[in-house]
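What follows is a single structure, written as structure tokens, with notes after it.
The values are calculated or read from the model by the stated rules, or taken from the named source; none is laboratory data. If you're wondering where the values come from, they're calculated on a predicted model, not measured in any experiment. All Cβ positions, even for glycine, are placed from backbone atoms using ideal geometry, and neighbour counts span all protein chains on display.
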Amino acid sequence: MTKIYACLLGDWVCLNDDPNCVMGEDHKPPYLWWEESAKAYVPTTRNPKLENSVYGMDYLNLSYKGKDYRINPIFIQIVTD
């Protein structure tokens, strides 16, 4: 089984444990998000106006236990057993 973990506010949580968790623009459950290419916002070119702004960084939107998060994809880990 594949587990999707995220570091949310300093704590690593298993996103699969929340049946209402959704990820990405398409609002897919964690496992489906992973299996269908794990889309995240990653700009191909950087906007000079956003050069020193958090708005120009890579990110992933997700909803976990009723709260919405915008995190950098480096805070996602996939564990398969």
Inset, instruction - Enumerate the strands (runs of 3 or more DSSP E) found wholly within the chain, keeping only those where 1 or more residues are touching a strand residue (DSSP E or B) at 6+ places or on another chain (Cβ under 8 Å) and among the acidic types (Asp, Glu). - result: 67-71
Inset, instruction - Count, please, the residues in segment 1-24 that happen to be loosely packed, with under 11 Cβ neighbours inside 10 Å and either of a type in the set (Asp, Glu) or under 19 Å from ASN72 (Cβ atoms) (or both). - result: 4
Inset, instruction - Scan LYS28, LYS39 and give me the residue that is surrounded by 13 or more Cβ atoms within 10 Å (Cβ to Cβ), of a type in the set (Lys, Arg) and modelled with pLDDT of 95 or more. - result: LYS28
Inset, instruction - Would you please list the contacts, defined by Cβ atoms under 7 Å and residues six or more apart or on different chains, that run from a residue in segment 20-33 that is under 14 Å from TYR59 (Cα atoms) to a residue that is outside any loop (DSSP other than H, G, I, E, B) and of a type outside the set (Val, Ile, Thr)? - result: MET23/PRO30; MET23/TRP33; MET23/LEU60; MET23/LEU62; GLY24/TRP33; GLY24/LEU60; GLY24/ASN61
Legend entry - Sole residue being of a type in the set (Asp, Glu) and at pLDDT 95 or above, chosen from ASP18, ASP81: ASP18
Inset, instruction - Could you tell me whether segment 53-66 includes any residue that is surrounded by 12 or more Cβ atoms within 10 Å (Cβ to Cβ), without any contact (Cβ under 8 Å) to a residue 12 or more places away in the chain and in contact with a Gly (Cβ under 8 Å, 6 or more places away or on another chain)? - result: no
